[in-house]
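**Student:** Before we start, here is the structure in question, set down as structure tokens.
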Amino acid sequence: MRYVSITVLGLNIVDRSVMQVKKTIDADPSIKLIFLCSPGNPTGTLISLASIRALLDYEPFKGIVVVDEAYIDFSEPESSAASLVAEYANICVMQTLSKSFGLAAIRCVLTSSHFPSLVPHHPLNADSV
């Protein structure tokens, strides 16, 4: 039986914290998934595209970077990591209409990635997920 271990870094990622994420990856090469919230809630801290690129380009990391951009509509234009999907095969960017458009009841999420298995081919009922 194989178990999954989860390492949670409670970091407020800014440019200098990327080094801490890299150190964690170096210490545990089994890490295959990094979740980033940009901008974060409740701080509104936006992770720079340069910092996200640094993780995507980090040679020892052989996994996927998931960027949760639920609050991206409240940020500066051109700050979305969705622009990186065309360049990197190991990124998944998620956005929602529930925050800025006030459409929480419809449970609509937009996903951009090179992974067709991450994008459902049929609508999902949020009550059954």
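**Student:** For the range 65-111, name all the residues that are assigned to a loop (DSSP other than H, G, I, E, B), of a type in the set (A, V, I, L, M) and at pLDDT 80 or above.
**Tutor:** A70, V85, A86, A89
**Student:** Taking the condition modelled with pLDDT of 90 or more and open to solvent by less than 80 Å² (accessible area, probe 1.4 Å), does L55 pass?
**Tutor:** Details: modelled with pLDDT of 90 or more: yes; open to solvent by less than 80 Å² (accessible area, probe 1.4 Å): yes.
Considered against the rule, which asks whether it is modelled with pLDDT of 90 or more and open to solvent by less than 80 Å² (accessible area, probe 1.4 Å), L55 comes out as yes.
**Student:** Separate question: Can you name every residue in the range 29-43 that is open to solvent by 40 Å² or more (accessible area, probe 1.4 Å) and closer than 20 Å to S83 by Cα?
**Tutor:** Within the range 29-43, L33, F35, C37 qualify.
**Student:** Consider the range 13-42. How many of its residues are over 19 Å from M94 (Cβ atoms), touching a residue at least 24 places away in the same chain (Cβ under 8 Å) and either out of contact with any helix residue (DSSP H, G or I) (no Cβ under 9 Å at 6 or more places or on another chain) or part of a loop (DSSP other than H, G, I, E, B) (or both)?
**Tutor:** Number of matching residues: 5.
The values are calculated or read from the model by the stated rules, or taken from the named source; none is laboratory data. Note that the structure is a prediction, hence the values are computed from the model and not measured. Don't worry about glycine lacking a Cβ; one is built from the backbone with ideal geometry, like all the others, and counts go over all protein chains shown. Surface areas here come from the heavy atoms of the whole protein model, side chains and all, with no ligands, DNA or RNA. Shrake-Rupley method; radii C 1.70, N 1.55, O 1.52, S 1.80 Å.
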